[in-house]
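*Asks:* Here it is: the structure, laid out below.
The values are calculated or read from the model by the stated rules, or taken from the named source; none is laboratory data. Owing to the predicted nature of the structure, the values given are computational and were not obtained by experimental measurement. All Cβ positions, glycine included, derive from the backbone under ideal geometry; neighbour counts span all protein chains shown.
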């Protein structure tokens, strides 16, 4: 197939490069697999020169193969973050100390950790009691009374 001196494989390679460029601009990993398919289709068209319908079919199948192969590869080998709790604010509070601001009665109350107040669940405790955050349940912190004996010593500075 020839369009005034431009061969079909030139168009596929150019499309692949444009899609790869879009991948750099658009957030996410969307155009990369289409770029790979377009570049592979360009190489295929350069080597055997199939008709236009076959080129489109090749591109579609190569795109599907690239997308599903990448999905399987990333599922089997997930990307490890250097900070897995980066976007998990409640998860970062586990192990921290807080002070009860609204008494915990019937398992529910409020605690202050840092400059924020949080809903809390735990044993019945009075206001002013220091607690340790042991986990979270949705938007509610799970707390237990803080023992100041043994290895824990005194409260860390600025803990509540």
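*Asks:* So the check is Cβ under 7 Å with 6+ separation or different chains; which pairs have a first residue in segment 5-22 that's on the phi > 0 side of the Ramachandran plot and a second one that's surrounded by 15 or more Cβ atoms within 10 Å (Cβ to Cβ) and part of a helix (DSSP H, G or I)?
*Replies:* That search, which allows pairs on different chains as well, returns nothing.
*Asks:* Can you tell me which residue is modelled with the lowest pLDDT among those in segment 88-128 that are farther than 11 Å from residue 143 by Cα and assigned to a loop (DSSP other than H, G, I, E, B)?
*Replies:* Step by step, filter segment 88-128, then rank; the result is 88.
*Asks:* Next question. Hey, among 12, 33, 46, which residue is under 19 Å from residue 69 (Cα atoms) and either surrounded by 13 or more Cβ atoms within 10 Å (Cβ to Cβ) or in contact with a strand residue (DSSP E or B) (Cβ under 8 Å, 6 or more places away or on another chain) (or both)?
*Replies:* Exactly one of 12, 33, 46 is under 19 Å from residue 69 (Cα atoms) and either surrounded by 13 or more Cβ atoms within 10 Å (Cβ to Cβ) or in contact with a strand residue (DSSP E or B) (Cβ under 8 Å, 6 or more places away or on another chain) (or both), namely 33.
*Asks:* Let me ask you something else. Quick one: would you say residue 105 is loosely packed, with under 11 Cβ neighbours inside 10 Å and in the same structural domain as residue 45 (by TED's automatic domain parsing)?
*Replies:* The answer is no for residue 105.
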